[in-house]
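Taken together, the values in this text are just the output of simple stated rules run on the coordinates, not laboratory data. Just so you know, these numbers come straight off a predicted model, no measurement behind them. Every residue, glycine as well, gets a Cβ built from its backbone with ideal geometry; the counts of neighbours run over all protein chains shown.
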Amino acid sequence: MHLLADADLRLDAAPIDYVLLAVYFVMVLGIGALARRSVSSSLDFFLSGRSLPAWVTGLAFISANLGAVEIFGMTANGAQYGLPTMHYYWIGAIPAMVFLGLVMMPFYYGSKVRSVPEFLLRRFGKFAHLVNGLSFATAQVLIAGVNLFALATVVNLLLGWPLWLSVVVAAAIVLAYTSLGGLSAAVYNEVMQFFVIVAMLLPLTFVGLHKVGGWQGLVDKITAANPSTAAVQLSSWPGTNLTGIADATLSVLGIVFGLGFVLSFGYWTTNFAEVQRAMSAKSMSAARRTPLIGAYPKTFIALIIIIPGMIAAVLVPELAALKQGQSSDVTYNNAILLLIRDLLPNGMLGIAITGLLAAFMAGMAANVSSFNTVFTYDLWQAYVRKDKPDDYYLRVGRLVTVVGCVVAIGTAFIASSFNNIMDYLQTLFGFFNAPLFATFILGMFWKRMTPLAGGLGLIAGTGTAVTIDVLNRNDVLHLAGQGASFVAASAAFVVDIALSVVVSLLTRPKPDSELVGLVWSLTPRDQLRHDDTGENAGWYRKPVVLAGGVLAITLVLNIVFW
Amino acid sequence: MSGNKRAGLFDLRGVLALLFGVYGFVLTVMGIATTSQEDLDRAGGINVNLWMGVGMLGAALLFALWVRWRPLTVPTEETGERAPEDA
């Protein structure tokens, strides 16, 4: 992973910056210790006892995703491609989050499953369950290592700590609070991290805009710097520079179907690291509101993450040179670090460093806390040691958390010597989600879909995505930009659906009685409804109202930045 | 839902108020006391620490007010009815 080139990115951190950093991590560990008091069963540990309020789970829902890939990646995309990057949020996240809250959450929460793979177990049986459980657990623990390595690289560059030291220290902190407080500690820290990240991004956006002369100044500077590509950078549609698809119609199609439908729905609705946050909410109503409440800040974070990227490309000399096609020793991934270096004074600098480190650690904690749940419930309890008392699984969960962190440290060290492999693995795991969504959506709405179709569809779909990716990497297909992953995911989705339909028609479905609560047509309507009295009362807590509101805002922003 | 003891017995809003109270205080003091001309120049004349410090103190105050307005009540019953907590 080439997050950082060898440019002079060393930040002039003063003692006060370290003090602010230390304050944060004292509180992180404090939260872990406090959360420990409320862990008395495995459900407390893995799903916070399904007790969290909706605003907490909602912020954790988007915060779990606000890690290295998003912060570096989206500012980099902003710097390189400009406004089309907004599609990752307004097309590529909001609709899927609304769909999760309105349509899928009632099945997840209502069926009382404890994980996404467990839903597959109930709906399709062991084959699909094992395929998903194993692939998810493997992916999470390896991605935890990638996050850890990314963090160590940043600490090394920013502060000059040796790689191994930051890897071990960061892993120890994550391990301490996740093994003590379980999901509650992870979620609470995600919420805290969310606010610190916002506190880091706000001054970068506003001070940056002030320095370039406001929005009009930014537009003028981009136009002056890159006259030939300015038009594409400054309007979000058709986003041909982002997709790498020259034809405008196909580019829009790629964004809407590939990114907006397959990739985004696959990620947001079936990735357990996300869905777990909603499952930990304290009621069906709160669970449905989780992704909807998260969608509001998600809509606006697009602005304060992408606009700084665009500003960096005109304000930071090294980056501007890179964009002119000159050789430069920075990469687009450095955009946010360069902007922090150039704009923030000591004090605010410490908080920005805290925000970045917190984001990396929260990313790793999300991987670890979803890994330990799936490993304990879906692999250990389902196939290795059944029918033990609950405190046995709580102990297993804590132990697996330790194992997960140790494996992540190992992965981080492997990553430090095989950069490209880890980069590739991360893309690869992204491909598990697209077919998973296909299988879920077909399985939820078509009661005829059979257990064998569930498992085979997943394997074939993932295989398709990987094949297309390999073909493209070896120049058999020619897709530049981000279009390749859109096409790979779309193909995976289509193949999964097609194969699942064919296999289903040839094999025996499960009897209707076993599918109640899992399939739309067989579930009594009031089982999908939730209690809207007491603390769930009020028009503003209605999922439909929340969903309508965020869709309207997204639509307006889409028009404003057309 | 599960048992009688709920996770989340401590109030996250209080933690957030504390964190941003400390951060806001430190930044405000730095903004007033230690801002150099160089700091101002790099931010185009804006005193970043002062603005962010005051902003964070404001955020801390909002969290504190929220706690006062909707205090966290520990549910006493095992299921069903729960006293209003927070939005």
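Summary table below
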| quantity | calculated |
| --- | --- |
| J(HN,Hα) series, the range A:284-299, from Karplus relation 6.51 cos²θ - 1.76 cosθ + 1.60, nearest Hz, glycine and proline x | 4, 4, 5, 5, 5, 6, 3, x, 6, 5, x, 5, 4, x, 4, 4 |
| Averaged over A:204-213, number of beta-carbon atoms from partner chains that fall within 10 Å | 3 |
| Signed unit charges on C-beta, dipole axis of the protein assembly as shown, positive-most listed residue A:LEU83, A:MET97, A:LEU303 | A:MET97 |
| Total charge dipole magnitude, the range A:217-345, about the Cα centre, Cβ charges on Lys, Arg, Asp, Glu only, Debye to nearest 20 | 620 |
| Gyration tensor over alpha-carbon atoms, the range A:256-344, equivalent ellipsoid semi-axes in Å | 37, 16, 11 |
| Part-to-part distance (alpha-carbon centres) for the range A:8-50 and the range A:219-269, which is given in Å | 37 |
| Convex hull (Cα only) mean projected area of the range A:114-205, reported in nm² to one decimal | 8.2 |
| Alpha carbon centroid spacing (whole Å) that separates the range A:512-562 from the range A:320-345 | 42 |
| Shielding by other protein chains, A:36-42, mean Cβ within 10 Å | 3 |
| Simple Cβ-charge dipole of chain A, Lys/Arg +1 and Asp/Glu -1, about Cα centre, in debye nearest 20 | 1540 |
| In sequence order, calculated HN-Hα J values of the range A:392-409 (Karplus, 6.51, -1.76, 1.60; Hz; x Gly/Pro) | 4, 6, 5, 5, 4, x, 5, 5, 5, 4, 4, 4, x, 5, 5, 4, 4, 4 |
| Residue-averaged beta-carbon neighbours from other chains (10 angstrom radius) around B:39-46 | 5 |
| Projected area, mean over directions - chain A, Cα convex hull, nm² | 24.5 |
| Least to most buried among A:ARG288, A:ARG525 (fewest other Cβ within 10 Å first) | A:ARG525, A:ARG288 |
| Chain A, relative contact order in percent, only Cα pairs under 8 angstrom and at least six apart counted | 30 |
| Relative packing of A:503-516, A:26-39, which averages over residues the other C-beta atoms within 10 Å, highest first | A:26-39, A:503-516 |
| J(HN,Hα) series, the range A:461-471, from Karplus relation 6.51 cos²θ - 1.76 cosθ + 1.60, nearest Hz, glycine and proline x | x, 4, x, 4, 4, 5, 4, 4, 5, 5, 4 |
| Relative contact order %, the range A:234-336, counting alpha carbon pairs below 8 Å whose residues are six or more apart | 11 |
| Debye intensity ratio in log₁₀ form over the Cα atoms of the range B:11-69, taken at each q of 0.14, 0.30 Å⁻¹ | -0.42, -1.06 |
| Rel. contact order, % - alpha carbon contacts under 8 angstrom, at least six apart, the range B:27-77 | 37 |
